[in-house]
Amino acid sequence: MTDSNDRARPKTASSLDKLPPYLFARIDAKRDALRDAGIDVISLGIGDPDMPTPDHIIDAMAQAIRQPANHRYPDYAGSPAYRQACCDWMLQRFGVKLDASSECLALIGSKEGIAHIHMAFLDPGDYVLAPSVGYPVYSGGAVLTHAHTYFMPMNATGGWLADFSTVPAAVLDKTRLMFLGYPNNPTGAVASTDYLDAAIDFCQRHGILLVHDNAYSEICFDGYVAPSVLERPGAKDVAVEMFSLSKSYNMTGWRIGFAVGNARAIRALGTVKNNLDSGQFTAIQDAAIAALLGPQDAVGAMCKLYQRRRDLIIQALEQIGIRCQSPKATVYVWAQVPDGFSSESFATKLLEEAHVIVTPGSGYGPDGEGYIRISLTTPDDQLLEAVRRIGTLAQR
Ligand SMILES: *Cc1c(COP(=O)(O)O)cnc(C)c1O
């Protein structure tokens with residue numbers, strides 16, 4: 001290929017062309033136009049906590065950054081102290097016993113582990129099972145490894161639990177990974193232990209690694225307590241679980257998480273990482289130890305805050321005739337759009353008439369059409385103003 005100067009240019013990988021287009025681009029362009037016109041647009045679209053990281057975690061970081069030992073290359077698998085803290089947390093929180101050296105790996109955010117596990121298990125042409133509404137990295141990672149994605153159907157009637165019972169045999173023959181994530185982004189759905197048991201059994205029968213994305217395990221409401229898939233019998237034979245400190249401890253920018261579970265899978269993921277990155281800054285791991293093993297009251301306070309915001313949003317939606325399930329967990333409200341609208345046309349109406357951004361559900365996959373996702377990570381004053389604006393739509 002040549003450019004206008006007739007110089008040869010290296011061609012980019014064909015897999016990059018196969019990544020889905022950025023579905024929120026049209027809404028983003030409208031938002032920018034409104035903002036350029038001086039209009040105050042409130043975003044309920046971002047899944048990124050608005051509250052700061054708790055002080056005791058920042059204090060631990062301040063100390064850790066002054067330790068010269070932390071300035072050297074980290075251990076790619078995570079420091080022994082961090083991995084032990086992750087396992088101690090898993091034991092305290094879920095009663096799950098793990099060996100820190102063989103069943104736990106530090107991650108540079110759980111997204112990193114989710115993306116790299118594809119490289120550890122997939123050959124070109126293999127299949128990944130991904131929820132038909134879900135975190136885009138599950139299928140994006142497949143595209144980048146020249147594998148295929150089979151989208152497991154989901155709907156409101158089925159409680160947004162991905163249905164793996166209908167995967168065709170020809171696909172199953174080539175399936176190596178199944179991704180699930182409950183509490184769920186974007187639907188806010190939670191999974192029963194029966195469902196997790198069925199998923200474990202299915203993966204055992206078909207030789208599939210179950211990758212459970214548990215980024216929202218700590219953001220629960222109304223007394224609900226989210227499980228770890230590793231609590232379930234037989235899980236360690238077929239499952240790894242990806243945990244993130246991002247949402248639980250307001251640490252999205254710090255890039256820290258961990259993978260736990262099946263030792264073979266942990267070793268394989270470690271091999272990929274060993275060849276690609278050199279692990280996370282040890283000082284950040286030290287701060288993460290303070291998060292996992294220090295006082296947990298900030299987590300409880302955050303859940304209360306999100307629960308209050310959730311109730312405000314649900315009330316505002318009811319005022320404009322939208323009824324939706326009150327989520328038991330996550331920072332999202334998932335709402336069906338009124339008759340006559342698509343995800344995108346309703347999101348556009350909210351943007352143009354109320355100057356409020358929500359995310360069209362269709363951006364998360366085919367079964368997300370007809371829904372919008374509203375995020376609870378907006379500061380209270382802006383959230384209240386957004387709720388007021390949405391309410392006034394009813395009077396028009
Ligand atoms: C936020 C999020 C992640 C990524 O978390 P990081 O640890 O910040 O990479 C993974 N999965 C889901 C579903 C998320 O919403």
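The values are calculated or read from the model by the stated rules, or taken from the named source; none is laboratory data. Values in this document were obtained by computation on a predicted structure and should not be read as measured data. Every residue, glycine as well, gets a Cβ built from its backbone with ideal geometry; the counts of neighbours run over all protein chains shown. To get the accessible areas, we keep the full protein, side chains included, count just its heavy atoms, and leave off ligands, DNA and RNA. Shrake-Rupley method; radii C 1.70, N 1.55, O 1.52, S 1.80 Å.
Some observations on this one:
- Heavy-atom accessible surface of Met119, to the nearest 10 Å², is about 100 Å², with a 1.4 Å probe and all protein chains retained.
- A cut-off of 5 Å between modelled amide H atoms, ignoring neighbours fewer than 5 places along the same chain, links Tyr127 with His148, Thr175, Arg176.
- Here region 55-293 exposes an accessible surface that is 52 percent carbon and sulfur, computed with a 1.4 Å probe and the other protein chains kept in place.
- Taking 10 °C and 1.306 mPa s as conditions, region 84-180 diffuses translationally at an estimated 106 µm²/s according to Stokes-Einstein applied to its Kirkwood radius (Cα pairs).
- According to the Cα-based calculation, Rg over Rh for region 239-396 is 1.08, with Rh computed by the Kirkwood formula.
- Residue with peak Gaussian network fluctuation, the chain [Cα springs, cutoff 10 Å], from Pro136, Pro153, Pro379: Pro379
- Antiparallel DSSP beta bridges within the chain, as percent of all bridges there, nearest 5: 50
- For region 139-148, the Karplus equation 6.51 cos²θ - 1.76 cosθ + 1.60, evaluated at θ = phi - 60°, returns couplings of 8, x, x, 5, 4, 5, 9, 6, 10, 9 Hz by residue, with Gly and Pro reported as x.
- With the largest listed first and rounded to whole Å, the semi-axes of the equivalent ellipsoid of region 26-90 from the Cα gyration tensor are 41, 15, 14.
- Value of Rg to Rh for region 55-293 (Rh from inverse mean 1/r over Cα pairs, i.e. Kirkwood): 0.96
- Taking the three principal axes of the alpha carbon atoms in region 324-367, the coordinate ranges are 30, 23, 18 Å, sorted in descending order.
- Residue of Pro360, Pro338, Pro327 that the Gaussian network model of the chain assigns the largest fluctuation, springs spanning Cα pairs under 10 Å: Pro338
- The residues of region 55-293 expose, per residue, 38 Å² of accessible area to a 1.4 Å probe.
- Note on the chain: helix-only mean residue ellipticity at 222 nm, from DSSP H runs of 4+ residues weighted -39500 (n - 2.57) and normalised by residue number, equals -12500 deg cm²/dmol.
- Over region 199-328, the Kirkwood radius and the radius of gyration, each from Cα atoms, give a ratio Rg/Rh of 1.05.
- Working note: Karplus 6.51/-1.76/1.60 with θ = phi - 60° gives region 347-360 the couplings 4, 5, 4, 4, 5, 6, 9, 10, 6, 10, 8, 10, 9, x Hz, where Gly and Pro are set to x.
- Per-residue surface analysis assigns Glu103 an accessible area of about 30 Å², computed on protein heavy atoms at 1.4 Å probe radius.
- Dipole axis of the chain (+1 Lys, Arg; -1 Asp, Glu on Cβ), positive-most option in Gln285, Thr330, Leu383: Gln285
- Dipole orientation for region 55-293: of the candidates Val225, Ser244, Ala115, Ala115 has the Cα lying most toward the positive pole (charges on Cβ; Lys, Arg +1; Asp, Glu -1).
- Couplings 3J(HN,Hα) for region 323-334, derived from phi with the Karplus relation 6.51 cos²θ - 1.76 cosθ + 1.60 (θ = phi - 60°), are 9, 8, 5, 7, x, 7, 6, 6, 10, 10, 10, 10 Hz, where x marks Gly and Pro.
- Selected from Asn214, Asn275, Asn70 as most flexible by GNM, with the chain as the system and alpha-carbon contacts under 10 Å: Asn275
- Cα pair count fraction exceeding 27 Å, expressed as % - region 1-155: 55
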